[in-house]
Amino acid sequence: MINRTLPAMGLIGPLVLAAGCSGGPAASEDGPSDAAGGSSGPTLSTVLLIGDSVAAGQALPMAEAFEASGVEFTSIASDGGGNVVGPFSEENWKDLPEQIASAEADAVVYQITTYDWGSREQQRDGYERLAATVADSGADLFLATMPPIEPDDFYEPHMEDLGRTAEVAGEVARSSDGVELLDAGEVWGDAFQRTRDGEPDRSSDGIHTCPQGAARFTRWLLDELAEPYPGFTPADPEEWANTGWSGDERFSGC
C-alpha cells in the first residue's frame, strides 16, 4: 500500500507534460474572458466521465482538479464494466442514456475500457451508439484511449480486440460531429510501464493506475480539454495533486 500522504513533489514533479491536441469539437456556448489570459470562447461547466475501474481510480484526482478549476464533475465509471461494447454492455445501456441526459454535461469523456471486446463492427456500433446518445444530450464526446495493460489469463484472449479500439474509435470520431479521439499514448507510452521517475505509476496488477499515473493523466486531460474550450482554465496541480485522494484504497498494488 502507498503512504496516506505523498510528498508534494512526489506528484507535482512528474505532472509537467506537453499537452498537444489536434483541435476538438465545437462547443455550443461562449464563456466569459479568461481572467488569466484574457481569452474568450466556449467554456466548460460540467464534465461526465464514463469508464471501468481504471477510470474510477483516475476519477479521484479528476474530481479534485475539476473542482479546483470551477467545473462540476460527475463519474459513473464502474468496477467490472462501464463499457459500451462487449460483455455487460447491454446491461449498461439500460441506464446509460438517462445517466448521460441527466448529467447535462458540456463534455462527456469515455475512457475506452478493458472490457471493450468484440469484432470491429461491434466496437464501431458501440462507439457510434454512444456518439449519438451524447449528441442527443447536447454534449461533446471525447473518446480517450485506455492505458496499455499487462494481461493476465483473463485478458489475454481479448488483447487483439482491445488492440484495435483506438483505431475504431478514431474512425468514429472522424465521421461524427462533436466527437474527438484523445490519444493518451502521450501519458502512458506504447507499453505497460510499472514505474516512472522512480515512483510507481501503474499498479502491480498490470491494469490499474497508481496515484502518480492518475495525476499525470488528469493533468493531461484537463490540458486537452482547454483546447476546445478556451474559456476553461485548468487549475494549477498545486491546488489538487496533494489533497488526500492519493490515500484511497483503490490504489492497491502501488
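The values are calculated or read from the model by the stated rules, or taken from the named source; none is laboratory data. Since we're looking at a predicted model, the values are computed, not measured. Positions of Cβ are generated from backbone atoms using ideal geometry, with glycine treated the same way; all protein chains shown enter the neighbour counts. These area figures cover heavy atoms from the full protein model, side chains too; ligands, DNA and RNA do not enter into them. Shrake-Rupley method; radii C 1.70, N 1.55, O 1.52, S 1.80 Å.
Listed by first and then second residue, the pairs with beta-carbon distance under 6 Å, at least 6 apart or on different chains, first residue in the stretch 110-136 and over 21 Å from Gly80 (Cα atoms), second of a type outside the set (D, E, K, R) and part of a loop (DSSP other than H, G, I, E, B), are Ala131/Ser176; Ala135/Gly178. Scanning the stretch 50-67 for residues that are in contact with a His (Cβ under 8 Å, 6 or more places away or on another chain) and either of a type in the set (A, V, I, L, M, F, W, C) or open to solvent by less than 10 Å² (accessible area, probe 1.4 Å) (or both) yields Val54, Gly57.
So how many residues does the stretch 186-212 have that are of a type in the set (S, T, N, Q) and open to solvent by 60 Å² or more (accessible area, probe 1.4 Å)? Here the count works out to 3.
If you take the residues in the stretch 149-177 that are surrounded by fewer than 19 Cβ atoms within 10 Å (Cβ to Cβ) and either in contact with a helix residue (DSSP H, G or I) (Cβ under 6 Å, 6 or more places away or on another chain) or basic (Lys, Arg) (or both), which one is nearest to Ile112 (Cα to Cα)? Checked the stretch 149-177; the qualifying residue nearest to Ile112 (Cα to Cα) is Arg164.
Contact map, the stretch 146-172: first residue under 21 Å from Ala214 (Cα atoms), second residue surrounded by fewer than 11 Cβ atoms within 10 Å (Cβ to Cβ) and of a type in the set (Val, Ile, Thr), Cβ cut-off under 9 Å, separation 6 or more or different chains; the map is empty.
Summed over the stretch 68-85, the residues that are closer than 29 Å to Gly163 by Cβ and either in contact with a His (Cβ under 8 Å, 6 or more places away or on another chain) or open to solvent by 30 Å² or more (accessible area, probe 1.4 Å) (or both) give a count of 5. Restricting attention to the stretch 207-250, the residues being acidic (Asp, Glu) and under 17 Å from the mean Cα position of the chain (by Cα) number 3.
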